[in-house]
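Reviewing the structure listed below.
The values are calculated or read from the model by the stated rules, or taken from the named source; none is laboratory data. Note that the coordinates shown come from a computational prediction; the quantities given were computed from them, not determined experimentally. Heads up, the Cβs are rebuilt from the backbone with ideal geometry, glycines too, and the neighbour counts pull from every protein chain shown.
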Amino acid sequence: MKVLIVDDEPLIRRSLVRAFANYGHVVFEADDGVKGLEIWQAEAPDIILLDILMPGLTGPQVLDQIENRGNAKIILMSAYAGEYNLKKANELGADMFIPKPFTDIFAVVQIAENLMVVN
Amino acid sequence: MTKKIARERNLSHFVKDMSGVASVYQLMSLLKNEIKAFKTVENPLLAYAQSQNELHLLFYQGSKIIKKDVPGVWPQQAKIRLNNIQDSQFLANVFGRPFGKLLTIPLQLKRKSSNDQLLVSAILFFEHALVGDRLVEFTEFIGDRLQSISIVLDRLLLENDLNEAALLWEQTFDGLQDPIVIFDSEAQILRANKSFTENLQNVKSKDLFEKTLKVNNKIYEIRSYPIITGENQSPSNIINHYIDVTLAQRLKKQMIQNEKMAALGNMAGNIAHELNNPLTGIRSLAQVLIRKASPGTDIFADLHEVEMAAERCQVIIKNLLEFSSDKLENQKVLISINDIVQRTLPLLKTLIFQFELQLKLTEKNCFVLVEPHLMQQVVFNIIKNAAQAMGNSGVLTVKTEVYKKGGANEVQLIISDTGGGIDPSIRDQIFDFFFTTKSTGEGTGLGLSMSKNIVEKFAGNIIVNSELNIGSEFIITLPQAKAAVG
Ligand SMILES: Nc1ncnc2c1ncn2[C@@H]1O[C@H](COP(=O)(O)OP(=O)(O)O)[C@@H](O)[C@H]1O
């Protein structure tokens, strides 16, 4: 599947890219919301991993501007787990919430894959 | 003629003797002597008032003069009188016996009552069995001496008032907590209050005029007040007030320290957040790379180490964030006391690495209902104290246990050290706010008082056992929380 990772933290992007690639997925990355939206339009990925706190557009703002979403899944990620949770993420229109820091990067891949399988 | 001269001479003797009288007691005994010649006159009885509703009675009991204070109705009549019923009743009431014939002699004193009325403020009573000429003679005899008696009594009572005022002043002066001293113009001490004598007696006189003064761990700020009494402009006396600002300064220092700590806590929180991302990157990448490495190779093993190290850092940061967080307040959660200990120990690593750590954690259900970051502070404070008490080496024991108490279970956390112990003389004070034996920078005197507060907030208690040169143990007891499964 096609995966888009939008996160301003290079090391987080890099590790996610590596982990998804490791499982044979096609991965795109963007270090801010605007670039993320461009890739979304150009590549129509199956799943987006979207950091909530980013300079420029925030995750929820990016989510708001996504049109023609189709079957694409969206995962919100945040280090400030206290303010966000799955319920909040669902209200914002996302399918899943993953708190940071990750303890197992492959668990993240697993969660993403499971989301795709459900539908 | 000769009789008159003798009378004058006797009188002037009496007046002279009276002028030397220094107390009402002396006045009584002089009077007693003076009337000795009148065989059937009893010893004198003197009543005087210093306020409107209190009366002092002086009378003889055998050869002793007794002073008795009576609240009572005061016979307000300014005339000399004989066998007055009211007077007899008054005395009978006071003494509880009937009185015989009575000569009542009011004394006109110059002292005034508080509302400025001239009042009959003293009375001389003579119980007697005189008749006829003898009675007239006695009345004249006393009449001659009346003015002198009045003047002396006036003086004595005035002195008495002054003495009382002086005493009151002295007591007030001594009662003031701050040292106060009065200097003359030559900087010689005229008067000093008790606090001054106790605290500043041995201070060099030139230091007594500095702006601040440090004596025996106490800090004083000095205020000087010149007193100008005479016409000339230069002060005749100087009052120095030494204000004890020890506590105020300590509080101020403490506040600054607290603010620093809060700022530090904030900073630590920010740093922890900043470290989180790269750390997660390191750990995640290590996880990715491990998948690519062949098990059994050095690279595989090394990556594993990197991953584990990163994990450890993550845990420490998580604890640090919780520890410094204030958002979590008022959120009691079920947590095992072991967990609290395990979360806190990594934060203390640099403080306790040189000691032998004996960790004896119970396997039983040791869940408690607490705010974890607060309990962590308690553990942190007590272990920090233990480390400070041991210096370079020693054994630090951290033990948890579960006991039955009545129908319920109690969870205990026991932290003991092999440090110098706590002197019995200060054992009652170590839980007091700001009590510390450490220098600034090392101790604030807040650790134990805060810990006690926290533990009591969770329905627990904290006690200490200590033996000099052997060590100390702090025992924290908390109620076991029922719901959780150990
Ligand atoms: N384990 C210990 N061994 C010896 N003395 C101790 C120990 N714990 C506390 N004390 C004494 O109790 C005092 C108060 O402790 P605390 O309230 O934590 O404040 P602080 O440690 O900042 O002085 C300390 O200054 C010390 O004299």
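Evaluated against (1) aliphatic (A, V, I, L, M); (2) in contact with a strand residue (DSSP E or B) (Cβ under 9 Å, 6 or more places away or on another chain); (3) more than 14 Å from chain B (Cβ to nearest Cβ), A:Val117 falls short on exactly one condition, (2).
A quick yes/no check of all residues on (1) buried (at least 16 other Cβ atoms within 10 Å of the Cβ); (2) away from chain A (no Cβ under 14 Å); (3) within 30 Å of B:Lys457 (Cα to Cα):
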| residue | (1), (2), (3) |
| --- | --- |
| B:Ile271 | no, no, no |
| B:Leu275 | yes, no, no |
| B:Leu279 | yes, no, no |
| B:Arg283 | yes, no, no |
| B:Val341 | yes, yes, yes |
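One line per residue, one yes/no per condition, for (1) part of a helix (DSSP H, G or I); (2) more than 27 Å from B:Gly281 (Cα to Cα); (3) within 14 Å of another protein chain (Cβ to nearest Cβ); (4) in contact (Cβ under 8 Å) with a residue 24 or more places away in the chain:
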{"site": "B:Val306", "(1), (2), (3), (4)": "yes, no, yes, yes"}
{"site": "B:Glu322", "(1), (2), (3), (4)": "yes, no, yes, yes"}
{"site": "B:Thr344", "(1), (2), (3), (4)": "yes, no, no, yes"}
{"site": "B:Thr362", "(1), (2), (3), (4)": "no, yes, no, yes"}
{"site": "B:Gln377", "(1), (2), (3), (4)": "yes, yes, no, yes"}
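Criterion applied to B:Ala301, B:Ala248, B:Ala310, B:Ala286 was being modelled with pLDDT under 90 and part of a helix (DSSP H, G or I), and the one residue passing it is B:Ala248. So which residues in the range B:454-470 are β-branched (Val, Ile, Thr) and in contact with a Phe, Trp or Tyr (Cβ under 9 Å, 6 or more places away or on another chain)? Across the range B:454-470, the qualifying residues are B:Ile462, B:Ile463, B:Val464. Which condition number in (1) more than 9 Å from the ligand (Cβ to nearest atom); (2) part of a strand (DSSP E or B) is the one that B:Ser466 fails? B:Ser466 satisfies all of (1) more than 9 Å from the ligand (Cβ to nearest atom); (2) part of a strand (DSSP E or B) except (1). Of the residues making up the range B:414-428, those that are surrounded by 14 or more Cβ atoms within 10 Å (Cβ to Cβ) and either in a strand (DSSP E or B) or within 8 Å of the ligand (Cβ to nearest atom) (or both) are B:Ile414, B:Ile415, B:Ser416, B:Asp417, B:Gly419, B:Gly420, B:Gly421, B:Ile422. The single residue among B:Ser393, B:Ser416, B:Ser425, B:Ser336 that is hydroxyl-bearing (Ser, Thr, Tyr) and in contact (Cβ under 8 Å) with a residue 60 or more places away in the chain turns out to be B:Ser336. Can you find, within the range B:434-463, the residue that is farthest from B:Ile383 (Cα to Cα) among those that are more than 8 Å from the ligand (Cβ to nearest atom) and of a type in the set (A, V, I, L, M, F, W, C)? Going through the qualifying residues, I end up with B:Ala459.
The set of residues from the range B:389-413 being within 13 Å of the ligand (Cβ to nearest atom) and surrounded by fewer than 17 Cβ atoms within 10 Å (Cβ to Cβ) comprises B:Gly391, B:Val395.
Determine whether A:Asp64 is within 14 Å of A:Val6 (Cα to Cα) and of a type in the set (Asp, Glu).
Working: within 14 Å of A:Val6 (Cα to Cα): no; of a type in the set (Asp, Glu): yes.
Spelling it out, it is not the case that A:Asp64 is within 14 Å of A:Val6 (Cα to Cα) and of a type in the set (Asp, Glu).
In this structure, does B:Gly100 turn out to be in contact with a strand residue (DSSP E or B) (Cβ under 8 Å, 6 or more places away or on another chain), surrounded by fewer than 17 Cβ atoms within 10 Å (Cβ to Cβ) and modelled with pLDDT of 85 or more? Yes, satisfied. I'd like to check something: does the range A:6-29 contain any residue that is touching a residue at least 60 places away in the same chain (Cβ under 8 Å), away from chain B (no Cβ under 14 Å) and aliphatic (A, V, I, L, M)? The answer is no; no qualifying residue exists. The single condition among (1) surrounded by 17 or more Cβ atoms within 10 Å (Cβ to Cβ); (2) of a type in the set (D, E, K, R); (3) within 14 Å of chain B (Cβ to nearest Cβ) that A:Asp104 does not satisfy is (1).
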